[in-house]
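First comes the structure, then the notes that go with it.
The values are calculated or read from the model by the stated rules, or taken from the named source; none is laboratory data. All values reported here derive from a predicted model rather than from experimental measurement. Positions of Cβ are backbone-derived with ideal geometry, glycine not excepted, and every protein chain shown enters the neighbour counts.
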Amino acid sequence: MPSFSNVFDEIAALMAIASLAGALALWLRQPLIMAFIAVGILAGSAGLDWVSASEQVNLFAELGITLLLFVVGLKLDPQEIRAVGPVAIVAGLGQISLTGSLGYLIALATGLSGVAALYVAVALTFSSTIIVVKLLSDKREIDALHGRIALGVLIVQDIAVVLVMIGLSAFGGEAQHASLGQAVLMFMVKGAAVLLTVGLSARYLLPRLLHSLARSPELLILFAIAWAITLASLGEALGFSKEVGAFLAGVALASTPYRATLGARLVGLRDFLLLFFFLDLGVHVDIGHLGTQLGPAVVFSVFVLLGKPLMVMTLVGAMGYRKHTAAHTSLALSQISEFSLILGTLGVSLGHISEDVMGLITLIGLITIGLSTYLIIYTSAIYQRLSPWLTLFERKIPKREEALRDAATVEPRKADVILFGLGRYGGCILQDLRQYGLVVLGVDFDPVLVNYWRQQGLWTFYGDVEDPEFTAALPLSQAQWVVSTIPGRNIGLTLLHSLKHHSFKGGVALTCHTLQDVDLLQHEGADLVLLPFRDAAQEAARMLAAQTNL
């Protein structure tokens, strides 16, 4: 075991190895998450056993989780949550019930006792908020409809797991029934008190306070972090969890005009601290209890990776959403949660399950988190291959999602330009094209942006540029241009192939950030490739030169 003079040196060594492993993962086109977990396993007791600063690593990990859930809460204005509330509740509770019931029967079939089977079945029902939010945020899909639904389901699951842990803790006591009743009653009372306090603060206190603090950006960020950690600590003290408290802290600030600034400035710190969460996860892996559970773990992992997505897809489709949305939502939830590991640890401490069962849950977590990472990253490619067989999960008329396009029934059918992406860049292009007298149809997968532009009197659709079925619903026959302001080589190639499939005769303009992508997209048939930064720089240079006396 290497000898470090202090904790700082040990943390520095961990970060250096993680950086090298991350670079190797990027070179191999693998996700960073698994590289960091591998470093944790290598440096932990299962490997070289030279991590002695586990308390410090765990502290950084908890801070990272706190900031992650806080940033997620910042993105969820309560007005926006209502839009996916029904489907989140139905899909969340339905999936928990189905997964738990079937998982329990599978667990009994593998020879587990009734209590152990119950723990494993419950552990299978939850999905990882940290993994899902991190990967969807990296893909810029957290604001998409499927991202919002997945996040809503995760919120339902997080509430459910808190209730389960309260119930298990109560059953661990002597007066089981009385303790359980008291625990549930106290949970409801404390929950109502917290929600009321946070709601009143968000309505009357925080807007004025933030307005005063906004004169100093540094002080504003400091207050936001302090607010997040304070509510996380309060949530844990009241018997909830740090994650619930941090999430509520973010929601309380979500309706303020400072949420975008806070979210942008905290992303770097969040990602840095999350590194330690994945390292800590690897450090605490006990290889000794994993080898004997490999066979059952594979069975349960297949159930989670295939069964859970099928359940979620069926429930989301039944609620009136298209197969594209249902598939993207379900694949995001195809793993078990970090809460599942916490649940297993609680069961061991209460004497309900053995270390072998805990090893089984841990191994299922490693397998499903690792493989589901690839499912989320390559969701679009998987969907394109499976799309013909997924119609079974879609209603004949997906009413809820079609409601997002209800403007099409009253707006003109002819569009000169179909524009994908209504963010800052796309929104500016849309407005400028209208000033030239062109009829523009705007398309975005963020329902909030769609509603915003629709309220401005613009013709907008909800849709995903990577959804080949959606392209067929657009008025392509009369459009002169299809423009995508969403950067990305794969996005551009997907749109080009879809337009060719539907025999689009007009021009296609795509957006990217590198010159290599320009050549590729033009070779594949793009008529115009936009490079926002280069084009803006050229225009700025032209204006400066025009105002300079040479």
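Across the range 472-514, the number of residues qualifying as hydroxyl-bearing (S, T, Y) and farther than 24 Å from V439 by Cβ comes to 2.
Among the residues of the range 131-148, count how many are part of a helix (DSSP H, G or I) and within 10 Å of the chain's Cα centre (by Cα).
11
Restricting attention to the range 457-481, the residues being part of a loop (DSSP other than H, G, I, E, B) and at pLDDT below 85 number 10.
Taken together, I382, I353, I364, I376 contain a single residue that is outside any helix (DSSP H, G or I), touching a residue at least 24 places away in the same chain (Cβ under 8 Å) and either of a type in the set (F, W, Y) or within 30 Å of A107 (Cα to Cα) (or both), which is I353. Among the criteria (1) more than 19 Å from the chain's Cα centre (by Cα); (2) in contact (Cβ under 8 Å) with a residue 40 or more places away in the chain, the one V304 does not fulfil is (1). Filtering the range 249-270 to residues that are assigned to a helix (DSSP H, G or I) and without any contact (Cβ under 8 Å) to a residue 40 or more places away in the chain leaves A260, A264, G268. The single condition among (1) modelled with pLDDT of 80 or more; (2) of a type outside the set (A, V, I, L, M); (3) over 28 Å from M15 (Cα atoms); (4) loosely packed, with under 15 Cβ neighbours inside 10 Å that S233 does not meet is (3).
For the residues V267, V251, the requirement of being within 23 Å of A61 (Cα to Cα) and exposed (fewer than 15 other Cβ atoms within 10 Å of the Cβ) singles out V267.
Would you pick out the residues in the range 338-350 that are of a type in the set (A, V, I, L, M), in contact (Cβ under 8 Å) with a residue 24 or more places away in the chain and either assigned to a helix (DSSP H, G or I) or assigned by TED's automatic domain parsing to the domain that holds E466 (or both)?
Of everything in the range 338-350, those that are of a type in the set (A, V, I, L, M), in contact (Cβ under 8 Å) with a residue 24 or more places away in the chain and either assigned to a helix (DSSP H, G or I) or assigned by TED's automatic domain parsing to the domain that holds E466 (or both) turn out to be L341, I342, L343, L346.
Looking only at the range 422-445, which residues are over 28 Å from the mean Cα position of the chain (by Cα), of a type in the set (A, V, I, L, M, F, W, C) and in a helix (DSSP H, G or I)? Scanning the range 422-445 gives I429, L430, L433. For the range 496-523, filtered to residues that are within 31 Å of the chain's Cα centre (by Cα) and in a loop (DSSP other than H, G, I, E, B), the residue that is farthest from G423 (Cα to Cα) is T514. Only a single item in (1) in the same structural domain as L145 (by TED's automatic domain parsing); (2) modelled with pLDDT under 80; (3) in contact with a Gly (Cβ under 8 Å, 6 or more places away or on another chain) is not met by A88, and it is number (2). Residue-level analysis places V312 outside the set of residues that are part of a helix (DSSP H, G or I) and surrounded by fewer than 17 Cβ atoms within 10 Å (Cβ to Cβ). Look at the range 510-530: where a residue is of a type outside the set (K, R) and a partner is in a loop (DSSP other than H, G, I, E, B), sitting 6+ places away or on another chain with Cβ atoms under 6 Å, you get L510/A526; T511/T485; T511/P487; C512/P487; H513/P487.
Looking at the range 188-204, can you tell me whether even one residue there is small (G, A, S), over 14 Å from Y258 (Cβ atoms), at pLDDT 80 or above and surrounded by 15 or more Cβ atoms within 10 Å (Cβ to Cβ)? So far as the range 188-204 goes, yes, one or more of its residues are small (G, A, S), over 14 Å from Y258 (Cβ atoms), at pLDDT 80 or above and surrounded by 15 or more Cβ atoms within 10 Å (Cβ to Cβ).
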